[in-house]
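See structure below.
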Amino acid sequence: LKENDWGVLEPVSEIKADLHLLDLVLVPLLALDKHGTRLGYGAGYYDGFLSEIPRSTLKIGLLADDFNVCSLPKDPWDVALDGFISEKGVHLL
């Protein structure tokens, strides 16, 4: 593992996973609305990744329950999440 620019340890291997074999993706976020629109951290990393995985892959956000909001602005490239996990449990949308 190697420390990235944000201090997070990442694998150094160039071997990439086959995205079509993923059953579940956990996504960090700041907020989520009832339509699965997420507010991320602004760098766009997950937008690109989520657009490449199959629609059948379950996309689940990780957030504090107080940040589950009614509505967020949505851009054309946003991929909706299927649910979220908070301190109150697992919630599918």
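The values are calculated or read from the model by the stated rules, or taken from the named source; none is laboratory data. Keep in mind that what you see is a predicted model, and the values were worked out from it rather than measured. Cβ placement follows ideal geometry from the backbone for every residue including glycine, while neighbour counts extend to all protein chains displayed. Heads up: the accessible areas ignore ligands, DNA and RNA and are worked out on the full protein's heavy atoms, side chains in. Shrake-Rupley method; radii C 1.70, N 1.55, O 1.52, S 1.80 Å.
Taking Leu26 as meeting all but one of (1) open to solvent by 60 Å² or more (accessible area, probe 1.4 Å); (2) assigned to a loop (DSSP other than H, G, I, E, B); (3) at negative phi; (4) not charged (D, E, K, R), write down the number of the exception.
Checking Leu26 against (1) open to solvent by 60 Å² or more (accessible area, probe 1.4 Å); (2) assigned to a loop (DSSP other than H, G, I, E, B); (3) at negative phi; (4) not charged (D, E, K, R), the one that fails is (2).
Could you please find all residues in the stretch 1-23 being under 21 Å from Leu58 (Cβ atoms) and either open to solvent by less than 90 Å² (accessible area, probe 1.4 Å) or modelled with pLDDT under 90 (or both)?
Lys16, Ala17, Asp18, Leu19, Leu22
I'm checking my understanding of the structure. Among residues of the stretch 29-42 that are outside any strand (DSSP E or B) and not aromatic (Phe, Trp, Tyr), which one is farthest from Gly83 (Cα to Cα)? Steps first, answer last, please.
Narrowing the stretch 29-42 to residues outside any strand (DSSP E or B): 29-30, 34-37, 40-42.
Remaining after also requiring not aromatic (Phe, Trp, Tyr): 29-30, 34-37, 40, 42.
Values: Leu29: 12, Leu30: 14, Lys34: 9, His35: 9, Gly36: 7, Thr37: 10, Gly40: 15, Gly42: 20 Å.
Restricting to residues being outside any strand (DSSP E or B) and not aromatic (Phe, Trp, Tyr), the top hit is Gly42.
Regarding Leu62, is this residue touching a helix residue (DSSP H, G or I) at 6+ places or on another chain (Cβ under 7 Å) and either modelled with pLDDT under 90 or not charged (D, E, K, R) (or both)?
It is false that Leu62 is touching a helix residue (DSSP H, G or I) at 6+ places or on another chain (Cβ under 7 Å) and either modelled with pLDDT under 90 or not charged (D, E, K, R) (or both).
Between a residue in the stretch 56-77 that is open to solvent by 60 Å² or more (accessible area, probe 1.4 Å) and any residue that is aromatic (Phe, Trp, Tyr), which pairs come within a Cβ distance under 9 Å, given they are 6 or more apart or on different chains?
Leu62/Phe84; Asn68/Phe84
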